1. Compute the angle between helix A:296-316 and the longest alpha-carbon principal axis of chain A, please, reported from 0 to 90 degrees and rounded to the nearest 10.
2. For the stretch B:156-205 and the stretch B:71-104, write down the distance between their C-alpha centroids in whole Å.
3. For Cα pairs less than 8 Å apart in space and 6+ apart in sequence, what is the mean separation divided by the residue count of chain A, i.e. the relative contact order in percent?
4. Seen from all sides and averaged, what is the projected area of the convex hull of the Cα atoms in the stretch A:94-249, in nm²?
5. Collect residues whose amide H, placed 1.01 Å from N in the peptide plane, falls under 5 Å from the amide H of C:Thr182; neighbours closer than 5 in sequence don't count.
6. If we hang a label 7 Å off Cα along the beta carbon direction at C:Glu236, how far is it from the matching labels on the other copies, in nm, shortest first?
7. Counting partner chain Cβ atoms within 10 Å of every residue's Cβ in C:382-391, what's the average?
8. Say the cut-off is 25 Å between C-alpha atoms; which of B:Lys78/B:Lys169; A:Lys157/B:Lys297; A:Lys78/B:Lys105; B:Lys240/B:Lys420; B:Lys243/B:Lys420 go over it?
Amino acid sequence: MESYMNLSFVLLPKGMPGGDMAKPLLGRILGSGDFARSLATRLVYSGFQVVVGSRNPKRCAGLFPSAAEVTAQVDAVKKTNVIFVAVFREHYSTLCDLTDELAGKILVDVSNNTEINHHKESNAEYLASLFPACTVVKGFNVISAWTLQSGPRDGNKQVLICCDNQEAKRTVAEIAQVMGFTPLDMGSLSSACEIENIPLRLLPAWKIPVFLALGLFLCFYTYNFIRQVLHPYIWEQKNKFYKIPVEVVNSTLPCVAYVMLSLVYLPGVLAASFQLRYGTKYRRFPDWLDQWLQHRKQIGLLSFFCAALHAVYSLCLPMRRSHRYQLINAAVNGQSHARKTDAWIEEEVWRMEIYVSFGIMALGLLSLLAITSLPSIANSLNWREFSFIQSTLGFIALVVSTLHTLTFGWTKAFDENQYKFYLPPSYTLTLLVPCTVILAKIFFYLPCIHQRLRRIRNGWEKGRYVKFTLPSATGEYSSGESSSNV
Amino acid sequence: MESYMNLSFVLLPKGMPGGDMAKPLLGRILGSGDFARSLATRLVYSGFQVVVGSRNPKRCAGLFPSAAEVTAQVDAVKKTNVIFVAVFREHYSTLCDLTDELAGKILVDVSNNTEINHHKESNAEYLASLFPACTVVKGFNVISAWTLQSGPRDGNKQVLICCDNQEAKRTVAEIAQVMGFTPLDMGSLSSACEIENIPLRLLPAWKIPVFLALGLFLCFYTYNFIRQVLHPYIWEQKNKFYKIPVEVVNSTLPCVAYVMLSLVYLPGVLAASFQLRYGTKYRRFPDWLDQWLQHRKQIGLLSFFCAALHAVYSLCLPMRRSHRYQLINAAVNGQSHARKTDAWIEEEVWRMEIYVSFGIMALGLLSLLAITSLPSIANSLNWREFSFIQSTLGFIALVVSTLHTLTFGWTKAFDENQYKFYLPPSYTLTLLVPCTVILAKIFFYLPCIHQRLRRIRNGWEKGRYVKFTLPSATGEYSSGESSSNV
Amino acid sequence: MESYMNLSFVLLPKGMPGGDMAKPLLGRILGSGDFARSLATRLVYSGFQVVVGSRNPKRCAGLFPSAAEVTAQVDAVKKTNVIFVAVFREHYSTLCDLTDELAGKILVDVSNNTEINHHKESNAEYLASLFPACTVVKGFNVISAWTLQSGPRDGNKQVLICCDNQEAKRTVAEIAQVMGFTPLDMGSLSSACEIENIPLRLLPAWKIPVFLALGLFLCFYTYNFIRQVLHPYIWEQKNKFYKIPVEVVNSTLPCVAYVMLSLVYLPGVLAASFQLRYGTKYRRFPDWLDQWLQHRKQIGLLSFFCAALHAVYSLCLPMRRSHRYQLINAAVNGQSHARKTDAWIEEEVWRMEIYVSFGIMALGLLSLLAITSLPSIANSLNWREFSFIQSTLGFIALVVSTLHTLTFGWTKAFDENQYKFYLPPSYTLTLLVPCTVILAKIFFYLPCIHQRLRRIRNGWEKGRYVKFTLPSATGEYSSGESSSNV
């Protein structure tokens, strides 16, 4: 009698001896739409004996895999205690005829909504209120119909599950596992709302960083437009409007990339200052700082995207007609004036060789950071490696970018002619935040400050009596996560 | 008596009380080749007590991990009911001496073939026919010996399993799980042929798209060669053959990239027309359209690859000697003729600034599409995010590419001199398919058409009596997958 | 009585009837630090009933999720037989008061060290020596506190587990699974040291390849500096120091990339020679060759990184001031001398068109290799596809790179003026290893050699009596892994 596998019990027909192991698992589905069909296909493939309950079995039969039996709803729910409900929320009430047959069974709600927080209570909780005698488990809604049908070889394999009853949750989790998916426990049925919102989200973590980048782009673009196009037009009557599509964009992109990169490291500096100020790591950061710390990855990737576009734009410069015409004119005029036979200006040559060189280095470092942000690579790194690349290499990239900016600017900041409409060159503006970050980082590495920070991150608190050098019975990985902030 | 874990039963030596949990799991292998060795290593590592049955135990002993016992085949199969068969198909018949000992046991066929569909029946089915008293399970053949030996930390973790007996399949699935792999149920033993073919496949999904790209490349290359090299040679006796390696290639690549990108969106348009024509989504698409819909990802990635190569080729243009010599000649001649002191042509400048700018934008968008096609990123997106990027952003990329092409062409299409051998400039040819796609998309967004499409995708059918506004008891995710086609 | 799920037994309170399935799983933690907090959060989320044992329960209570009970250590360990020990190694001894309460239970050691091999024996073995009556399981230390808290949706999901007791190991493995992680069995407790070192590793596989690349870079940089900067300064008093940041780097990077690429394929050639020499594949390679074979991926990726940087540097060349000035000077001088009205040199044009073309092709191929090295893509390829791309396409990339180098060099090697300080042009030096590899590969494809190699890789041994053409009862996947070496 002990010779059964644990899944058999919950899924085998009731009254069937557990020892009869050749009996297939039972998959019961209410509903005959697309998702029901995909679910039936997957269950048949995973060796389940599938019965689909439909209001109109005859019309639907042809749409399901031939191994699945399509029957009336009341017949479909009889023989098992786990039933998938693949019905619109609007039609949950039509199932009320089955209340008696469903009593005591596990209903798996696989539904999705069309809008975030469309209804006050989640579909799963609504279903639970309609069938108080049943146990409702929310799950499978995050799996697309396509993944269901083709099997979990591609596509996301995680099935988020929540339920108030641990036993029912584990049963459904095991069905998900037999189907080749990875169940992930999301707690009680009150999480159903969160689970139902997941398939409706549209890159929520990217919203703020993208608007930040667009805002910075607009500001710097206007600033550069005024200095590079409007000023020569008003003061010298020179038509430089051809600079709008490429050259002004190419002056703006590095500003955005550089400021965004420094904004990746600024919240870490603020967090460290906060910890130093209050002498503890147990005080919560303000919400805006918490939010900022969580968006660093997205800000960094947008910074890399702008830097890469800047590189492509820069490389395009000598390809353009305007560059060609200017060169020819310079050569022709150089000859006709006949005064200057050597165009060579040693200082300009050096300036450009150096800043191009720093620019390529910064781009190379940033591309390493971007590559290690890919989920499949980030997951294969341990914390120390990830922190070395994102924190140490990233900070070096910031320093090299600063050198790129400084050598690009050279002595322009001290040249009166560069102040168009009294506006300083845009590169001087961008230096503000990055230099603050770099100076703060240097400050935090002063021995006295560094040691205090380290002690705080190991759990030390200002004004608390400390018996041991390290607090007793305390987990030890505190330094890890938090030091990555700085 | 209830104190055993489910795995213990099937793997523990027979007659051993289930409650004795300290007993190790038993791993039995027939065969002593490379795969047998890797399997033994992994089983030993996962805590199995391994016995290897070899025809020549003495010679093989040194090649196996020391914790594995190497013995005669007849001794190895005695004590357990799951046996891995790691023997060439050619030598299955040599196992027939063991028929009595193997009766009633589960044989795991791990073999691979050297050619696709080499034999009429799969190895696993052949083994099953030799040992009718055994249950044959196919599995582990998709795992490389290297992954087996080093553990599933890197490499594909999925073990595809098929078997006619559900119990045996689950037993082997659990062994795979204990070894750290993810079992995936592939149905009955008749799937063995498919599973055995998987390790022999060579990028099947890429074959048609790659040949398509090569075909398009050849056509456009010939066309451009005739217009850019042959025509000046025949009509003006000008030697432009130096254009063959770089310039003609660089005129061809954008044509291929642009046409391929439009071919990603054309099948969606065709599918929508098909649905509109027949007024239902339940009618199957013709096979060629189904195939096409499934290859869109590969076609899109090849389009991006061509576009990226086009960018690199274009950026290389000003670096070449030929460009340098032409510039110097232009400057020198401009001076000597002394008529034209200003080379500047405002229209040409604007044309180039604008099309370079559109080109960079299109490349930026395409690179976002390519990055989100990486499996690890695609898996972390929900359906709405994936559809937004691949469908919406991708279509914007097609529109920007069209603007890039149109501004590149400028007025050339209306210039008689551009019609070499009466052949129009190649860019005009490439506009055909993309413009069709864009116009069709606009057509589908007309309110009346859009609503009809939406209703069809929600399950509505032409000529069917519809009781509810939305069909009753129907799953609800229909719009998702199908609307991504358009 | 058979109606319980297997996990219930080990985790349910003792004396509780197994059939009472609504009882939650019990999670017991000793320690109140960051890791304990994250662990508690995850366990609560996964439906465990969590009790945390702290030396100072009152102070800690606020830091834990409200669903977790914080109590004295002695109370926390009473009701279950699996206890997480989240305490510093230094404070293990403070737990000795609990020796009686802990006897017979499973202790899960989740600790990490701060240095590799910090202590002689691993933390887990030390804990086992302190509590001989307990079973110690090592696990969860490779999971970061962040992943624990946020659930395994992002981040590495593998929990490496080792223990001397199979039953205890499986119990903890199942807890990990319920928490959504993937347990991976690492064998007996003596592996604890290895598991504890994993989170402290800093990209160990990259160390040798990175130093190799840096070493090659330094050598070639010095060589190119002497030829391109020092020689003109000493012999012609020409100041070419402006070449240091960009041009000398850009001459050095392709040398490094090209030599590194050939070093990817050299060990395969050596391995094949070794196998041919000894007439068997069962003889172990020398350690240095084994090491080299395992680092090929990293060497190849560094080669691609250098090649990509070389491409960016090359594309930057025409953008620089120095290029502009040289062009203007050439134009102006060309005019003033008035002798040469056509700057065009047909041979130079062809040389550059061809080597630029080969360069782009090689870069395109290398980028395909790099992309298929991404874990998420490599895992989706079968062995044949991976080998086709990495071995066949990679070797084609080496051949195309060789053509790029040869056409770049053109006739320079035979031009006496190119031998500065009697040093040949650097490209001639780099040809040495790649040409050896290509010639060896051609040699191995001679029919007689090829067949001998194939027989060796199928298990044939020189001087061994071979009864069958293929050895009996031998696994068959030998050719796969090893042929990828060549």
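1. Rounded to the nearest ten degrees, it is 50.
2. Spelled out, the Cα-based centre of one part sits 21 Å from the other.
3. Values: 638 pairs, mean separation 51.5, N = 486.
Normalised by residue count, the contact order of chain A is 11 percent.
4. If you wrap the Cα atoms of the stretch A:94-249 in a convex hull and average its projections, you get 14.4 nm².
5. C:Gln158, C:Val159
6. Inter-copy label distances (nm, one decimal, shortest first): 3.6, 3.6.
7. Working: counts 10, 11, 6, 7, 3, 2, 2, 2, 0, 0.
Across the residues of C:382-391, the mean count of other-chain Cβ atoms within 10 Å is 4.
8. A:Lys78/B:Lys105
Quick note: the coordinates plus some simple rules give every number you see, no bench work behind them. Just so it is clear, the model here is predicted, and its values are computed rather than measured. Virtual Cβ from ideal backbone geometry, glycine too; neighbours counted across all protein chains shown.
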